[in-house]
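Notes follow the structure.
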């Protein structure tokens, strides 16, 4: 004879599972709704709106990124530099930064976003988000890494990238060690006379190589936060009586393994 209490217990367990599944779907739906509204908000406001940085930072929190002081400082620096950029932007490593900058600059023909990504799957994921929101002027390219002379290089012909890149961000939680230097070596000939390159979590060995690269290209190197490995390289073009003095600015964000 069937135990009615056992049957009741099974019904309750089934109900709990269905209830938990419903709550999970409802929670995911609310989460997606918040992300959707934040991205559309960025697209509507653009880079010059003073509320844009706050909306972008909130989007990073919704995404699940930890906004400790060093991380927030870096993001604010990127957004501030981006608002001053006057040419193509290159992001090394597909991440939320790609989506945020693409949303802010959508339709801006003077500041297209180009992203280099090692992982083909993540490339397709980011392209899907870009298509979903109709973000114009954002491009994600798969660039398999290769080793050349003991240094990791991205396997891509620079002629397929835009000329006069005004800002570079090596941004990506999964970026490998040395990716910031690899980016510079790959796209160096495509940089504009004036540009910006920022990086976070740069190891001391990589930092020394990047500093040497900056020196060889008439650029200034600044370690903004030693503990965080946050560096900035810069070169700006200024006309003086004796001729033209070149000085460029680069921004790198590499979430390299510590």
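A quick yes/no check of all residues on (1) in contact with a strand residue (DSSP E or B) (Cβ under 8 Å, 6 or more places away or on another chain); (2) modelled with pLDDT under 90; (3) within 14 Å of residue 184 (Cα to Cα):
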{"site": "114", "(1), (2), (3)": "yes, no, no"}
{"site": "125", "(1), (2), (3)": "no, no, no"}
{"site": "128", "(1), (2), (3)": "no, no, no"}
{"site": "158", "(1), (2), (3)": "no, yes, yes"}
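Going through (1) within 29 Å of residue 119 (Cα to Cα); (2) surrounded by fewer than 22 Cβ atoms within 10 Å (Cβ to Cβ); (3) modelled with pLDDT of 85 or more one by one, residue 223 falls short only on (1).
Of everything listed in (1) surrounded by fewer than 16 Cβ atoms within 10 Å (Cβ to Cβ); (2) in a loop (DSSP other than H, G, I, E, B); (3) modelled with pLDDT under 80, the single unmet condition for residue 255 is (1). Listed by first and then second residue, the pairs with beta-carbon distance under 6 Å, at least 6 apart or on different chains, first residue in segment 18-44 and closer than 28 Å to residue 135 by Cβ, second at pLDDT 50 or above and outside any helix (DSSP H, G or I), are 43/106. Residues that are touching a helix residue (DSSP H, G or I) at 6+ places or on another chain (Cβ under 9 Å), farther than 25 Å from residue 119 by Cβ, at pLDDT 85 or above and in a loop (DSSP other than H, G, I, E, B) do occur in segment 201-220, at least one of them.
Against the condition within 19 Å of the chain's Cα centre (by Cα) and closer than 21 Å to residue 82 by Cα, how does residue 184 come out, does it pass? Taking the combined requirement at face value, the residue satisfies it. In segment 163-176, the residue that is modelled with the highest pLDDT out of those that are out of contact with any helix residue (DSSP H, G or I) (no Cβ under 7 Å at 6 or more places or on another chain) and not in a strand (DSSP E or B) is 164. For residue 68, state whether it is under 20 Å from residue 224 (Cβ atoms), surrounded by 19 or more Cβ atoms within 10 Å (Cβ to Cβ) and more than 13 Å from the chain's Cα centre (by Cα). Judged against the criteria, residue 68 is not a match. Taking segment 79-97 as the range and being buried (at least 23 other Cβ atoms within 10 Å of the Cβ) and more than 15 Å from residue 162 (Cβ to Cβ) as the test, the residues that pass are 82, 93, 94, 95, 97. Given the structure, is residue 86 in contact with a strand residue (DSSP E or B) (Cβ under 6 Å, 6 or more places away or on another chain) and modelled with pLDDT under 90? Yes: the conditions hold for residue 86. Look at residue 143 and say whether it is at pLDDT below 90 and surrounded by 16 or more Cβ atoms within 10 Å (Cβ to Cβ). Here the answer is yes, as residue 143 does meet what is asked.
The values are calculated or read from the model by the stated rules, or taken from the named source; none is laboratory data. Just so you know, these numbers come straight off a predicted model, no measurement behind them. Don't worry about glycine lacking a Cβ; one is built from the backbone with ideal geometry, like all the others, and counts go over all protein chains shown.
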